[in-house]
Amino acid sequence: MKIVSEQGHEASSCVLPGRKMFSGVNPRPDEEHSRSFDVRSRMFVTLFSSFFPIAVSSFEGQAVLFDASFLYVLSLRRYRAVAISYAAMLGMMTLAALFTWGISRLVPAMPFSFRSLTVPYLRGAVMLNVILPLALTCRIQELLTALKGLHLPFCIYIPGAVMIRFIPTFMHDIRQVSETLRIRGYDLGFGEMFRHPLMMLRLLFTPLLFRSLRTSEELAVAAELKGLEAGGRFVPFRSPVWRGRDTMLVLLALAAALLALYCQARWGASAVPAMR
Amino acid sequence: MICFENVTYTYPFSATPAVRDISFRVRPGELVLVTGRSGCGKSTLMRLADGLCPGYFRGELKGRVLVDGKDTATLPLRDISRQVGTLFQDPEQQFFALGVEDELAFVHEWRGQPANVTRERVRHAAESFGLSGVLGHSVHELSEGQKQKVGLASVLSQQPRALVLDEPTANLDPESTAELARRLRTLKESGMAVLVVDHRLYWLEGVADRVLVMKNGEICAMGGFLMLEDEGLRRGCGLRSCRVEDVRRTLPESGTVAFRHEERGLRVENLCFSYKGKERIFDHADVFLGPGVTALIGDNGAGKTTLARLLTGLNRAESGRFFMNGREIPDKALLGRVAVVLQNADHQLHMKTVRQELEISLQLAGRLKRRDGPAKSCVPFTSGELMALFGLSSLADRHPQSLSGGEKQRLVIACAFAKNPDVLILDEPTSGLDGGNMLLMAEAVNMLAVRGACVLVITHDLELMKISCSRALRLPLRRQADCAEGKQSIKGERV
């Protein structure tokens, strides 16, 4: 008789059900690209991309920022995770569009057009593109060290780190919820979504809402028991290292921003006023 | 070390106290076991010992809880947590970092330990618990048993003076459970005070110095381990057995029956599967699940949940042929014929009431039957029958997400029963259940088996195995070539 699995019961490397997609730690080759950047450079890109798009109000400028950030997120090579995030964002955008349409029916002075939503939606997509690499690949310790290094108050950097920490767990929950719906025999096709939109919202969001509430409480309990506190001394056991590629990433982000400004100045005038 | 003095505690927005007039002491070098029916106040007792009540959960505390002589009501949580290490039933609940190594290091980093001290403690903790091979993994990738080890390793690496464990064996295999008992004995001998809250009792025989049995928030019995031999006490307080026979080696093997056209059950041949970039977990393996209850046995991390996912089509096998009742079916069709209940009850409950949850499951089952054709001739269940079977009748109008962990577990299994499946796979259905609910679950599973279903139970629960299972499927699985002799003769007969 031959034994198939050679995994010992302790040091087993057997991993569970397709969870790789959401893992936030290091040893995977496809993560190496992103992990080769220091957390500070990734944080710079994220923070810069949070504020800079506000200054870019034309479609052309936003398109440049979107393209550059999309290439950045694709460099993760976590295509399923990116696809799930985009699907979630698409859902929210559809909901927002429906509300905007509803308001336009009630208040004719606020006309509705898809084009007018393009720029805000692109801004949202740029944010998603830069947050995902940070959330899916960085260690919570790196993030805390970097945020603390900015001398931010405790009440800013702890919630900030927890929010980033929460993203992989939230995505893990989305995957589990959709899987359990399949197991129970629900039809998740577009047809069913259009026929029973409220039911679909209930099926998807009820468990997610309760899971999120539980997760936030669990994280708070974990933080309390681990002694996270204001003024605590945090000594990372792995020191961050700023390399040439980090400088390159920052320069590329700045170059994309300049290009966006140029495109806005060169072609932005042709944009529909409502898009601004 | 831990001392309760006339403690009565009431959660916020609750009219009645969760625990009443509790007094006991856990001295250094002593292990006290707390047990009782689900909802009797055991977890609250644990939260009082580690300061989460009222430090985090607020509420009203009467009496005093002392840790090392200091009143926990006057101490900040960070100071209590340096003295008392806590391991939750769901270890993921206490993970703050996402990686195993990071989680082991986190608390030391945050306490300002020099980097070399942190590194050394991480290395030592990983070696002690056999976690060196998974240090680089995400905690989400680990099996439940592995998560439990990471949680315990993290707690012990902080070198607390007292330890509070909430159902530490709920997801451990019997070998790991025995190892934990040995470890606790050593810790006890080194002077640590240990408070264990658990439904499983047998593993602490010879280790527990005292046992507290709780009922309706009060201590109803206190004494030595031998006290648990009283069957009247066990039945009255919904306790499990204090001695359990290990039937894992004596259960007959499943999966070696030769192929027959008229066979009933699920057969898989030539199953190959590996996760991306990893070694093969199943290499040309054969599986057969016949009518009745089969236990899926294997060490923590051996691939039990992975096999369950392959048998339901949630994960796609690299190769393999699936036969249901003698007919080959594509792996895409498996989900219509096989019901599976994984260990994530929170993710599976969507409706407003327990009754609605069951009724929609029955409707979905009807839809599946119209699509795939009737699987079996037996009469489907009704929502009332299912509620009665799983002891949920009194909860019919409650919101499913407001139920306790054990009640949610019973509800999601009831929803799987609604499908009236040919094959039902249950992943640790009795972890965290008290004696009464464990028996309820065993009866329900046996009843489904009597109706002709093939039930595969992934479990480390020796009591459930003894009561329900008639055979075992053991991991690692055999390679096809190893049991091919009998099969060569029937190759030509396949449907």
* Structure fact -> Within region B:82-103, restricting to residues that are more than 7 Å from chain A (Cβ to nearest Cβ), of a type in the set (A, V, I, L, M, F, W, C) and under 23 Å from the mean Cα position of the chain (by Cα), the one that is surrounded by the most Cβ atoms within 10 Å (Cβ to Cβ) is B:Val100
* Just for helices (runs of 4 or more DSSP H) wholly inside region A:126-214: which have at least 3 residues that are within 11 Å of chain B (Cβ to nearest Cβ) and under 18 Å from the mean Cα position of the chain (by Cα)? -> A:140-149, A:154-184
* Considering each residue of region A:94-125, count those that are among the small types (Gly, Ala, Ser) and not in a helix (DSSP H, G or I), and give that number. => 2
* **Residue satisfying all of: in region B:390-404; in contact with a helix residue (DSSP H, G or I) (Cβ under 8 Å, 6 or more places away or on another chain) and among the polar types (S, T, N, Q); nearest to B:Lys352 (Cα to Cα) among these** => B:Gln401
* Asked: Condition test on A:Thr180, is it at pLDDT 85 or above and under 30 Å from A:Phe66 (Cα atoms)?
  -> no
* Consider B:Met227 against the criteria (1) in a helix (DSSP H, G or I); (2) more than 11 Å from chain A (Cβ to nearest Cβ); (3) of a type in the set (A, V, I, L, M); (4) buried (at least 22 other Cβ atoms within 10 Å of the Cβ): it satisfies all of them except one. Which criterion is unmet? -> (4)
* **Selection from region B:96-112 of residues that are modelled with pLDDT under 85 and hydrophobic (A, V, I, L, M, F, W, C)** => B:Phe96, B:Ala97, B:Leu98, B:Trp110
* Picking from B:Arg182, B:Arg243, which residue would you name as being surrounded by fewer than 20 Cβ atoms within 10 Å (Cβ to Cβ) and free of Cβ contacts under 8 Å to residues at least 40 places away in the same chain? -> B:Arg182
* Asked: Residues in region A:67-81 that are surrounded by fewer than 19 Cβ atoms within 10 Å (Cβ to Cβ), in a helix (DSSP H, G or I) and at pLDDT 85 or above: how many?
  -> 5
* Tell me, please, whether a residue that is modelled with pLDDT of 80 or more, buried (at least 16 other Cβ atoms within 10 Å of the Cβ) and part of a helix (DSSP H, G or I) can be found in region A:227-246. => yes
* To do: Go over the candidates B:Val122, B:Val155, B:Val194 one by one and state the one that is β-branched (Val, Ile, Thr), out of contact with any Pro (no Cβ under 7 Å at 6 or more places or on another chain) and over 30 Å from B:Lys278 (Cβ atoms).
  => B:Val194
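I'm trying to understand the selection: among the residues of region A:215-243, which are among the acidic types (Asp, Glu), facing chain B (nearest Cβ under 7 Å) and out of contact with any Lys or Arg (no Cβ under 6 Å at 6 or more places or on another chain)?
Scanning region A:215-243 gives A:Glu218, A:Glu224.
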* **Count of residues meeting criterion [surrounded by 21 or more Cβ atoms within 10 Å (Cβ to Cβ) and touching a strand residue (DSSP E or B) at 6+ places or on another chain (Cβ under 7 Å)] in region B:185-211** => 12
* Please indicate, with yes or no, whether at least one residue in region B:164-179 is without any contact (Cβ under 8 Å) to a residue 12 or more places away in the chain, surrounded by fewer than 24 Cβ atoms within 10 Å (Cβ to Cβ) and more than 20 Å from B:Phe106 (Cβ to Cβ). => yes
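Out of all the residues in region B:153-167, is one or more among the acidic types (Asp, Glu), part of a helix (DSSP H, G or I) and either at negative phi or not assigned by TED's automatic domain parsing to the domain that holds B:Arg78 (or both)? Spell out how you get there, then give the answer.
Taking region B:153-167 and keeping what is among the acidic types (Asp, Glu), we get B:166-167.
Those left that are additionally part of a helix (DSSP H, G or I): none.
No; the residues of region B:153-167 include none that is among the acidic types (Asp, Glu), part of a helix (DSSP H, G or I) and either at negative phi or not assigned by TED's automatic domain parsing to the domain that holds B:Arg78 (or both).
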* Asked: Of all the strands (runs of 3 or more DSSP E) wholly in region B:270-344, which have at least 3 residues that are more than 12 Å from chain A (Cβ to nearest Cβ)?
  -> B:292-297, B:319-324, B:327-329
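When the residues of region B:230-257 are narrowed to those that are part of a loop (DSSP other than H, G, I, E, B) and among the small types (Gly, Ala, Ser), which ends up modelled with the lowest pLDDT? Break it down stepwise before answering.
So the first thing to find is which residues in region B:230-257 are part of a loop (DSSP other than H, G, I, E, B), and the list is B:230, B:237-252, B:254-257.
Of the ones still in play, those that are also among the small types (Gly, Ala, Ser) are B:238, B:241, B:254-255.
On the way: B:Gly238: 89, B:Ser241: 90, B:Ser254: 78, B:Gly255: 61.
It comes out as B:Gly255.
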* Quickly run through region B:345-362 and pick out the residues that are crowded, with 17+ Cβ neighbours inside 10 Å and either part of a strand (DSSP E or B) or of a type outside the set (D, E, K, R) (or both). => B:Ala345, B:His347, B:Gln348, B:Leu349, B:His350, B:Met351, B:Val354, B:Leu358, B:Ile360, B:Ser361, B:Leu362
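Select, from A:Glu10, A:Glu32, A:Glu60, the only residue that is at negative phi and modelled with pLDDT of 50 or more. Give the derivation first.
Working: A:Glu10 fails: modelled with pLDDT of 50 or more; A:Glu32 fails: modelled with pLDDT of 50 or more.
Checking each option against the conditions leaves just A:Glu60.
In this structure, is B:Glu120 among the acidic types (Asp, Glu), assigned by TED's automatic domain parsing to the domain that holds B:Gly223, within 16 Å of the chain's Cα centre (by Cα) and in a helix (DSSP H, G or I)?
On the way: among the acidic types (Asp, Glu): yes; assigned by TED's automatic domain parsing to the domain that holds B:Gly223: yes; within 16 Å of the chain's Cα centre (by Cα): no; in a helix (DSSP H, G or I): yes.
Taking the combined requirement at face value, the residue does not satisfy it.
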* Among the residues of region B:104-130, write down those that are of a type in the set (A, V, I, L, M) and within 7 Å of chain A (Cβ to nearest Cβ). => B:Ala105, B:Val107, B:Ala115
* Asked: Any residue in region A:167-176 that is modelled with pLDDT under 85 and under 23 Å from A:Phe194 (Cα atoms)?
  -> no
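The values are calculated or read from the model by the stated rules, or taken from the named source; none is laboratory data. Note that the structure is predicted; figures quoted are calculated from it, not measured. As a convention, Cβ positions derive from the backbone with ideal geometry for all residues, glycine included, and neighbour counts pool all protein chains shown.
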